[in-house]
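The structure appears below as structure tokens.
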Ligand SMILES: Nc1ncnc2c1ncn2[C@@H]1O[C@H](COP(=O)(O)OP(=O)(O)OP(=O)(O)O)[C@@H](O)[C@H]1O
Ligand SMILES: [Mg+2]
């Protein structure tokens, strides 16, 4: 037993474990040093956690799109960040118009509904045609080809929207009812963060129930497992792939609005970093696994928010917050070293076997 | 008019020809078997019928209607359902969810429920495991599920691709009994088997396939007596 284990270890494994081990060691050391120093109070930590949850739930929503598309097509849709961008960028013009006519201030709830509706429709439409035009003709091509196409589509969409709306950063109008803070159990929370977290949770519950409980949701899972067998059940495989892109597009569009509510600005390049982060989240959770992508997103948001202060401050790094992206990708490396299938990736591994 | 007619079909995988001028007819209510060795083209024949592979030449007719050009998922709605080789159940879906997928084309919830009960009646083992994830079923149970799944739409004709493959003798008997039961209840069956003895025991007629060509077509009785068949497919010397 021990012998078998010893034989299966290669020098690469040992090097990887050493890299992983030293990263872990630094994290633990940094955290202990920070906590001993006591520079941050409980209030700070609570703020970090809530911000992290809000940011993470946005990643989680985007990540479901990556993971579901991977499920049905076994490809990474690198243009998904642009699907995310297209919605809120377009909805900005609706929001600005409603702001000018005071509709936004007088009927903030209705206005928000309109913003969501516009953003989700645009993202959904883009996702739908992206699949039809760019990916469907390549069905059955070697895996590298759709991947390169996806990167091309990503650039195409970025510059399309830059051409349409210009390259400037547009400031989203402030929705007054979402400003300010609430006291919940004696904890001070910014209103828009609560709204972002609750809306994201609602959307994720809806999406997961759809996939698990409905006839179409089950068919999407069937197509993820075996396209030929699905066709033999009378399932329209191409239709289900389209549906998957539509659902992913809806989630991305909604995530885009939440992102705009949090950061109050949009521009043509806004999809790039969240897109890569959400992809990371999907891999963290075990690509192909929907609850995994959700957990991965929330985990990544939390780590990014808490991590710089917790892990790096104690190490004496001067501007730890600049390094939050480095932390996100370090997490990816750690997970890939210690658990290559992702946090919840067992099922996928079993499937491949 | 025959229920199913495969009419001078030629089929290719890329440039390799897998079927050469195949013609098969199946009358309503029959059990017809297709026997032949590895790579003879048995699965390919079923795939061209169910629409997974387009024939380059020839036609497939169901009750006289041409279904050659229909996509696979629409062929299912015409009443032709295939149980693929190697079962191909959805391993991550539960037993019930697999059956739901079998009934995907049926929008009537009550009918789906009735069909599920009918499948559970035929295979009580599946009922006990209805909430289990199908990937953890035993091989025999998976075969039962694959057949049950195909019965969910009450097909006119069932195409079975080696349903006895890899099963213990007791289970092979059970599967063949079930095929007989389904046939008695009115389902027409086209059965692909390597187990020629069992297949000819249950079928009315049979076709012998070799390297994409039909060698023989006759009643089961005559094929059973045929010396070449006995030698090549029943292991007699
Ligand atoms: N997807 C494919 N691509 C290329 N060639 C194929 C493919 N599937 C089958 N073939 C070839 O077509 C021929 C017929 O295969 P088929 O699967 O129909 O045989 P079979 O009679 O079902 O055999 P078995 O009893 O082993 O299942 C074989 O030579 C096989 O190699
Ligand atoms: Mg075969």
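The values are calculated or read from the model by the stated rules, or taken from the named source; none is laboratory data. Quick caveat: nothing in here was measured; it's all calculated off a predicted structure. Because the Cβ atoms are built from the backbone with ideal geometry, glycine has one as well, and the counts that use them run over all protein chains shown.
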* Single match in A:302, A:213, A:295, A:284 (criterion: within 23 Å of residue A:124 (Cβ to Cβ) and at pLDDT below 95) -> A:213
* Asked: Of everything in segment B:82-119 that's within 11 Å of chain A (Cβ to nearest Cβ) and over 21 Å from the mean Cα position of the chain (by Cα), which residue is farthest from ligand 1 (Cβ to nearest atom)?
  -> B:109
* For segment A:74-109, which residues satisfy the criterion of being within 23 Å of residue A:130 (Cα to Cα) and in a loop (DSSP other than H, G, I, E, B)? -> A:74, A:75, A:76, A:77, A:78, A:79
* May I ask you to say which residue of A:242, A:230 is within 13 Å of chain B (Cβ to nearest Cβ), closer than 30 Å to residue B:51 by Cα and either assigned to a helix (DSSP H, G or I) or over 16 Å from the mean Cα position of the chain (by Cα) (or both)? => A:230
* Asked: For segment B:66-133, which fully contained helices (runs of 4 or more DSSP H) count at least 3 residues that are farther than 17 Å from residue B:146 by Cβ?
  -> B:72-77, B:109-122
* Structure fact -> In segment B:189-211, anything within 15 Å of ligand 2 (Cβ to nearest atom) and under 11 Å from residue B:31 (Cα atoms) is listed as B:190, B:191, B:192, B:199
* When segment A:108-133 is examined, which residues are found to be surrounded by 14 or more Cβ atoms within 10 Å (Cβ to Cβ) and more than 22 Å from the chain's Cα centre (by Cα)? -> A:108, A:111, A:114, A:132
* What are the residues in segment B:21-36 that are surrounded by fewer than 16 Cβ atoms within 10 Å (Cβ to Cβ) and either within 16 Å of ligand 2 (Cβ to nearest atom) or not in a loop (DSSP other than H, G, I, E, B) (or both), if any? -> B:21, B:23
* Restricting attention to segment A:40-50, report how many residues are over 13 Å from residue A:308 (Cα atoms) and at pLDDT 75 or above. => 5
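Conditions tested, residue by residue: (1) more than 14 Å from chain B (Cβ to nearest Cβ); (2) assigned to a strand (DSSP E or B); (3) buried (at least 21 other Cβ atoms within 10 Å of the Cβ).
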position	(1), (2), (3)
A:155	yes, no, no
A:174	yes, no, no
A:189	yes, yes, no
A:202	yes, no, no
A:220	no, no, yes
* Specify which of the listed residues (B:166, B:186) is surrounded by fewer than 21 Cβ atoms within 10 Å (Cβ to Cβ), within 16 Å of ligand 2 (Cβ to nearest atom) and in a loop (DSSP other than H, G, I, E, B). => B:166
* **Subset of segment B:30-48 (residues that are away from every other protein chain (no Cβ under 14 Å) and near ligand 1 (Cβ under 6 Å from one of its atoms))** => B:36, B:38, B:39, B:40, B:41, B:42
* Filter pass, residue B:146 being within 16 Å of the chain's Cα centre (by Cα), away from ligand 1 (no atom under 16 Å from the Cβ) and crowded, with 20+ Cβ neighbours inside 10 Å -> no
* Search segment B:157-173 for residues that are within 14 Å of chain A (Cβ to nearest Cβ) and pair each with any residue that is assigned to a loop (DSSP other than H, G, I, E, B) and more than 16 Å from ligand 1 (Cβ to nearest atom) when their beta-carbon atoms are under 8 Å apart and the residues are at least 6 apart or on different chains. => B:157/B:3; B:157/B:79; B:157/B:187; B:158/B:187
* Tell me, which residue of segment B:189-211 that is surrounded by fewer than 22 Cβ atoms within 10 Å (Cβ to Cβ) and assigned to a strand (DSSP E or B) is nearest to the chain's Cα centre (by Cα)? -> B:205
* Could you list, in sequence order, the residues of segment A:202-226 that are touching a helix residue (DSSP H, G or I) at 6+ places or on another chain (Cβ under 8 Å), farther than 29 Å from residue A:116 by Cα and without any contact (Cβ under 8 Å) to a residue 40 or more places away in the chain? -> A:222
* Structure fact -> Going through segment B:37-65 in order, the residues found to be outside any loop (DSSP other than H, G, I, E, B) and more than 12 Å from ligand 2 (Cβ to nearest atom) are B:48, B:49, B:50, B:57, B:58, B:59, B:60, B:61, B:62, B:65
* Asked: Would it be correct to say that residue B:76 is within 27 Å of residue B:27 (Cβ to Cβ), more than 8 Å from chain A (Cβ to nearest Cβ) and under 20 Å from the mean Cα position of the chain (by Cα)?
  -> no
* Residues located in segment B:1-29, provided they are out of contact with any strand residue (DSSP E or B) (no Cβ under 6 Å at 6 or more places or on another chain) and closer than 14 Å to residue B:207 by Cβ -> B:27
